[in-house]
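Novice: Before I ask anything, here is the structure I am working with.
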Amino acid sequence: MKVILKEEIKGLGKMGDIVNVADGYGRNYLIPSKKAVETTTENIRMVEREKKKADEVLKQGLHEAEELSKRVAEISLTISRQVGEGEKMFGSVTSADIAEAFATEGLNIDKKQIHLEKPIKELGLFHVPVRLHPEVTADLKVWVVKA
């Protein structure tokens, strides 16, 4: 059975692809869950229109992410932490702390977009990548100072 995918399905294809699947899989799962439609000329045109709309939304999201990337690159966040003997820091700075500092700056960045390899456990200047879009990553400067 040939179907047109309405969304990306891992191991099968992307949105708009025409794929050949088992009859039962197509009739009992893909079509009822609205993940695919039967291959007809009308459905092909409908999926092409949806694909164009999705591309426009992605382009708009990319443009917004690029604008936000410029703002993030200009910002330098300062996070203060308690330190003990020998400048040893109590605790660490995590992506949640950086997201909270973004909120005080008026930017709404999710902690999942902040990619720290490991929590920051020392004082100093750190460059942290912030992934705003699959194609846009901004470099953020984070200063960790003692309180």
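Novice: So is VAL19 surrounded by 10 or more Cβ atoms within 10 Å (Cβ to Cβ), of a type in the set (Val, Ile, Thr) and part of a helix (DSSP H, G or I) or not?
Specialist: no
Novice: Kindly indicate the residue of region 103-147 that is β-branched (Val, Ile, Thr) and either under 20 Å from GLY91 (Cβ atoms) or free of Cβ contacts under 8 Å to residues at least 12 places away in the same chain (or both) and also surrounded by the fewest Cβ atoms within 10 Å (Cβ to Cβ) among those meeting that condition.
Specialist: THR104
Novice: Further, regarding this structure: I'd like the full set of residues that are farther than 29 Å from VAL136 by Cβ and either among the small types (Gly, Ala, Ser) or more than 28 Å from the chain's Cα centre (by Cα) (or both), limited to region 38-62.
Specialist: Correct list: GLU38, THR39, THR40, THR41, GLU42, ASN43, ILE44, ARG45.
Novice: Here are some residues: VAL83, VAL72, VAL47. Which one is surrounded by 16 or more Cβ atoms within 10 Å (Cβ to Cβ), under 19 Å from PRO134 (Cα atoms) and modelled with pLDDT under 90?
Specialist: So the residue among VAL83, VAL72, VAL47 that is surrounded by 16 or more Cβ atoms within 10 Å (Cβ to Cβ), under 19 Å from PRO134 (Cα atoms) and modelled with pLDDT under 90 is VAL72.
Novice: Go through LYS35, LYS52, LYS88 for me and flag whichever is surrounded by fewer than 16 Cβ atoms within 10 Å (Cβ to Cβ), basic (Lys, Arg) and over 30 Å from VAL128 (Cα atoms).
Specialist: Within the list LYS35, LYS52, LYS88, the selection yields LYS52.
Novice: If GLY61 satisfies all but one of (1) outside any helix (DSSP H, G or I); (2) touching a strand residue (DSSP E or B) at 6+ places or on another chain (Cβ under 7 Å); (3) surrounded by fewer than 16 Cβ atoms within 10 Å (Cβ to Cβ); (4) not aliphatic (A, V, I, L, M), what's the number of the condition it fails?
Specialist: Among (1) outside any helix (DSSP H, G or I); (2) touching a strand residue (DSSP E or B) at 6+ places or on another chain (Cβ under 7 Å); (3) surrounded by fewer than 16 Cβ atoms within 10 Å (Cβ to Cβ); (4) not aliphatic (A, V, I, L, M), GLY61 violates only (1).
Novice: Another one. Taking region 104-146, which residues are among the hydrophobic types (A, V, I, L, M, F, W, C) and closer than 19 Å to LYS70 by Cβ?
Specialist: The answer is LEU107, ILE109, ILE114, VAL128, VAL130, LEU132, VAL136, ALA138, LEU140, VAL142.
Novice: Of all residues in region 1-16, count the ones that are surrounded by fewer than 14 Cβ atoms within 10 Å (Cβ to Cβ) and without any contact (Cβ under 8 Å) to a residue 12 or more places away in the chain.
Specialist: Count: 4.
Novice: For region 117-147, what are the residues that are of a type in the set (D, E, K, R), in contact with a strand residue (DSSP E or B) (Cβ under 9 Å, 6 or more places away or on another chain) and more than 20 Å from GLU105 (Cβ to Cβ)?
Specialist: LYS121, GLU122, LYS146
Novice: Please indicate, with yes or no, whether at least one residue in region 2-11 is under 30 Å from GLY124 (Cβ atoms) and either in a helix (DSSP H, G or I) or not assigned by TED's automatic domain parsing to the domain that holds THR137 (or both).
Specialist: For region 2-11, residues under 30 Å from GLY124 (Cβ atoms) and either in a helix (DSSP H, G or I) or not assigned by TED's automatic domain parsing to the domain that holds THR137 (or both): absent.
Novice: Would you be able to say whether some residue in region 66-83 is among the charged types (D, E, K, R), assigned to a loop (DSSP other than H, G, I, E, B) and within 21 Å of the chain's Cα centre (by Cα)?
Specialist: Taking every residue of region 66-83 in turn, none turns out to be among the charged types (D, E, K, R), assigned to a loop (DSSP other than H, G, I, E, B) and within 21 Å of the chain's Cα centre (by Cα).
Novice: Within region 112-147, can you find the residues that are closer than 15 Å to ALA99 by Cβ and small (Gly, Ala, Ser)?
Specialist: Answer for region 112-147, where residues must be closer than 15 Å to ALA99 by Cβ and small (Gly, Ala, Ser): just ALA138.
Novice: Name, by its number, the condition in (1) more than 30 Å from ALA147 (Cβ to Cβ); (2) at pLDDT below 90; (3) aromatic (Phe, Trp, Tyr) that does not hold for PHE90.
Specialist: Unmet for PHE90, out of (1) more than 30 Å from ALA147 (Cβ to Cβ); (2) at pLDDT below 90; (3) aromatic (Phe, Trp, Tyr): (1).
The values are calculated or read from the model by the stated rules, or taken from the named source; none is laboratory data. From a predicted model like this one, the values you see are computed outputs, not experimental measurements. Don't worry about glycine lacking a Cβ; one is built from the backbone with ideal geometry, like all the others, and counts go over all protein chains shown.
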